Amino acid sequence: MANFNIDSAQQRTYDAIVIGSGISGGWVAKELTERGLKTLVLERGRDVKHNVDYPTTNMMPWEFKHRGEIPQEIKEANPVVSRCYAFREDAMHFFVKDNEHPYIQEKPFDWIRGYQVGGKSLLWARQTQRWSDFDFEGPARDGFAVDWPIRYKDIASWYSHVEKFAGISGDKDGLPELPDGEFLPAIELTCVEKYFKEKLKENYGNRHLIVARCAHITDPQPIHIQQGRAQCQHRTICQRGCPFGGYFSSNSSTLPWAAKTGNLTLRPDSVVHSILYDEAKGKAKGVLVIDAKTKESVEYYAPVIFVNAAALNTNLILLNSKSNRFPNGLGNDNGLLGKYVAFHNYRARINASYEGFLDSTTKGKRPTSGYIPRFRNLHKQETDFLRGYAAGFHSGRYDEQGWDGLGVELKDNLAKTKLGVWHVNSHMMGETIPKETNYVALDETQKDEWGMPKLKISIDYDDNDEKMVKDFIEQFTEMYEKAGFVDIKVSDSKQAPGLDIHEMGGVRMGKDPKTSLLNEWNQLHACKNVFITDGACMTSTATQNPSLTYMALAARAVDYVVRSKMV
Amino acid sequence: MKRRQMLKHFALATTAAMLLPSCIKDPKKVSIALSNLNVTGEEEELLAAIADTIIPDTDKPGAKTVGAHLFTLVMIDDCGNKESKEKYMRGLRAFDEACEEISGKSFSDLSVEERLTLLKKIDKNEVGLKEDVVTFYMASKQYIIQGYTSSQYFLTEVKPYQLVPGPGWKGCIAVSETPNV
Ligand SMILES: Cc1cc2nc3c(=O)[nH]c(=O)nc-3n(C[C@H](O)[C@H](O)[C@H](O)COP(=O)(O)OP(=O)(O)OC[C@H]3O[C@@H](n4cnc5c(N)ncnc54)[C@H](O)[C@@H]3O)c2cc1C
Ligand code: SF4
């Protein structure tokens, strides 16, 4: 590796360094730069500028050579990413292809990644539910992992802070298990969803169907207009990048906001290899970057470093940051770095039909759906498995005009619309229990093109997950039957962990340095000027889509840095 | 629809699908660039005739005019696996022979009505055909319909696609208030 010595060390010194420009890194950058700190964001992927680099955003369906389908050759070369529902012709350029960045699966794990400015924030499904104390108190109550060092009251105002800026639509539902936030108007449920909501209340009392809260601007506020973002136009092709900035992404929101302060330096094509430790001062001093294109190495320095490379890559960077003080990876005095990784169990689905409301239908498209918060084991343990699941719930009527006839008859039929009955479908989002045996580690021998050890992933389901899949299927079958849904079909995809794209942990927060890596401010216990505010910090997973919590933790940690005058 | 307009639709469908017309008008060669399939100009014409029978031109363009047969070749070429491609090609090559066995003529020599009658028989599985031929026909029909219903013509004039529907989502409205039903 050649030494890149053109700039003086002085010029390569900032107030803070952020590794990764995705959902969480974008938030760190916004908060730091707003507080006047000169911030360097290092991103391993290419630059993706809002509206400039969305090549497919305005394409019509017929302009896609394969009408959305991924060609066989690409599928065969990339079996992992091809299993992701959003890996389609219109957005495949925002996904990492398997062979570009290989990793080692000790057990099957579908690692879905987006390496570019904005990370996976361009691709996400924009579901944003708050955690409650039923979640933060989970490990302590049920005796797994370690106790979270924070509670809902510590993060509530940060949820609000994030929601107001990002633009979250939803209803105030008044449910303690899914606290209300700062919401823009909700996107209405369908007739059948409203009906099911009533049936659940009637039959169970404590099972609720609500509008899933989502990061879409339904009523732009001055803060959104200042970002150059407008009302969501319900295109529902968000994964291509949205010209209106209707949904939240780093590219449309936090990064341009940070740039406007004049305090942001964004360096794409910068693979962070490791964090450099100053043995004399007893803290981190900077990072070693490998230029993604030239492979030249260069060091950058700052008194504070945030790692936001997305959960597993954050583990990789820390494990690879070896020094005399930390021979097993930065901050890893207890040997737990990379361990207690967990995810969400998305295996089971249940579909059915409903023959009511035949005189009603929906109009237009919507970028969200219904949501059923966790009801299992909520107030007390009531099943033979720990924790529970939330569920997405969606209903609609579709054009079922068949392909009857041939010739002119077929042509006429295709021009007609024949609405089918209502279809309903639901999928589980189960909490999994973090375990020492679910871990990631560095491979001893294999390195990638940039000289980084390949990541070895060893993560699996357990008996608790199997029981939960079974329970979801049983409970939802009963809930569906009681609502009069017919033609019920259940399935267990047995999909590998990872495809939920909610992998978390490995650098967990906790009270005790002996059993955790981070303290209540997301600060490494053993190296206080390094902060981890992405999914790697998660002590447990709850059932909610996690990114909103990463954002809130990120903003909260930056506030701590500024308040405690670390810079 | 005027012929000129139909030609315009065809041209658009072709460029939009990024199909490259070959420069030299060699009647033996397929008119688009394919990576794997070895299709001749005659075979392309046969598929076009099948498309034109399944969804014919009337006063409005049909499947052949919007290029649905070319879309079919692209999809088989790029999105099928090796086995399904081979099967499709065997079926394509055996189609005319099967046609002659049933009706005494090759597909291109049949009148428009005879073509329709023949395809209806194949469609209803009334004639004992080799598996490859049935596979070829069913795959072609599926892609021809898909190509037609996702063509620019169909999605602008028959069932218009809205790229930007606007925020007027309604979760529950009377069916009578929706178009087309
Ligand atoms: C299809 C899909 C649907 C999803 N739906 C939802 C949802 O509805 N709700 C929800 O909450 N979450 C959802 N997610 C998950 C969500 O996208 C992630 O939780 C979120 O993006 C994580 O944020 P992050 O900042 O940790 O990582 P990312 O957004 O992935 O950003 C990490 C960045 O770090 C960069 N990086 C990695 N390694 C290095 C390195 N060594 N040096 C420099 N840079 C590096 C990457 O290139 C990337 O840009 C979804 C994801 C996908 C793909
Ligand atoms: S649904 Fe909204 S945010 Fe998504 S692409 Fe459409 S307008 Fe943009």
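The values are calculated or read from the model by the stated rules, or taken from the named source; none is laboratory data. None of the values given here were measured: they were computed from a predicted structure. In this analysis, Cβ positions are derived from the backbone assuming ideal geometry, glycine residues included, and neighbour counts consider all displayed protein chains. The accessibility values were calculated without ligands, DNA or RNA, using every heavy atom of the protein model including side chains. Shrake-Rupley method; radii C 1.70, N 1.55, O 1.52, S 1.80 Å.
Checking the conditions here, which among B:Glu126, B:Glu114 is open to solvent by 70 Å² or more (accessible area, probe 1.4 Å) and in a helix (DSSP H, G or I)? Answer to the check: B:Glu114. The set of residues in segment A:198-220 that are under 30 Å from A:Gly68 (Cα atoms), part of a loop (DSSP other than H, G, I, E, B) and within 13 Å of ligand 2 (Cβ to nearest atom) comprises A:Ala215, A:Ile217, A:Thr218.
Tell me which residues, restricted to segment A:356-384, are closer than 19 Å to A:Glu481 by Cα and either within 14 Å of chain B (Cβ to nearest Cβ) or in contact with a helix residue (DSSP H, G or I) (Cβ under 9 Å, 6 or more places away or on another chain) (or both).
The answer is A:Gly356, A:Phe357, A:Leu358, A:Gly370, A:Ile372, A:Phe375, A:Arg376.
Scanning segment A:129-144 for residues that are part of a loop (DSSP other than H, G, I, E, B), within 16 Å of ligand 1 (Cβ to nearest atom) and closer than 23 Å to A:Leu336 by Cβ yields a single hit, A:Trp131.
Contact annotation: residue pairs with Cβ atoms under 6 Å, 6 or more positions apart or on different chains, pairing a residue in segment A:264-279 that is closer than 15 Å to A:Gly329 by Cβ and touching a residue at least 60 places away in the same chain (Cβ under 8 Å) with a partner that is away from ligand 2 (no atom under 16 Å from the Cβ) and among the small types (Gly, Ala, Ser), are A:Ile275/A:Ala284; A:Ile275/A:Ser321; A:Tyr277/A:Ala284; A:Tyr277/A:Ser323. Being more than 16 Å from ligand 1 (Cβ to nearest atom) and surrounded by 23 or more Cβ atoms within 10 Å (Cβ to Cβ) holds for only one residue in A:Val530, A:Val561, A:Val490, and it is A:Val561. Residues considered: A:Gly370, A:Gly356, A:Gly331, A:Gly335. Of these, the only one that is free of Cβ contacts under 8 Å to residues at least 24 places away in the same chain and more than 16 Å from ligand 2 (Cβ to nearest atom) is A:Gly335.
Matching residues to (1) open to solvent by less than 20 Å² (accessible area, probe 1.4 Å); (2) near ligand 1 (Cβ under 9 Å from one of its atoms); (3) modelled with pLDDT of 95 or more:
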site	(1), (2), (3)
A:Asn99	no, no, no
A:Gln127	no, yes, yes
A:Val146	no, no, yes
A:Pro149	no, no, yes
A:Ser157	no, no, yes
A:His161	no, no, yes
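Taking the criterion of being within 17 Å of A:Gly392 (Cβ to Cβ) and facing chain B (nearest Cβ under 9 Å), the residues of segment A:182-205 that qualify are A:Ile187, A:Glu188, A:Leu189, A:Thr190, A:Val192, A:Glu193, A:Lys194. The lone criterion from (1) assigned to a helix (DSSP H, G or I); (2) facing chain A (nearest Cβ under 9 Å) left unmet by B:Gly62 is number (1).
Criterion first (part of a helix (DSSP H, G or I), closer than 18 Å to A:Glu63 by Cα and under 16 Å from the mean Cα position of the chain (by Cα)) does B:Val74 satisfy it? In short, yes. When we screen B:Leu155, B:Leu163 for residues that are within 11 Å of chain A (Cβ to nearest Cβ) and not in a loop (DSSP other than H, G, I, E, B), the only hit is B:Leu155.
Just give me the residues in segment A:25-54 being open to solvent by less than 10 Å² (accessible area, probe 1.4 Å), within 12 Å of ligand 1 (Cβ to nearest atom) and not in a loop (DSSP other than H, G, I, E, B), in sequence order. Selection gives A:Gly25, A:Gly26, A:Trp27, A:Val28, A:Ala29, A:Leu40, A:Val41, A:Leu42. Grab the strands (runs of 3 or more DSSP E) fully contained in segment A:347-460, keeping just those with 2 or more residues being in contact with an Asp or Glu (Cβ under 6 Å, 6 or more places away or on another chain). In segment A:347-460, A:348-354, A:419-431, A:453-458 are the strands (runs of 3 or more DSSP E) which contain 2 or more residues that are in contact with an Asp or Glu (Cβ under 6 Å, 6 or more places away or on another chain). If you check A:Ile223 against the conditions, is it open to solvent by less than 10 Å² (accessible area, probe 1.4 Å), outside any strand (DSSP E or B) and in contact (Cβ under 8 Å) with a residue 40 or more places away in the chain? In short, no.
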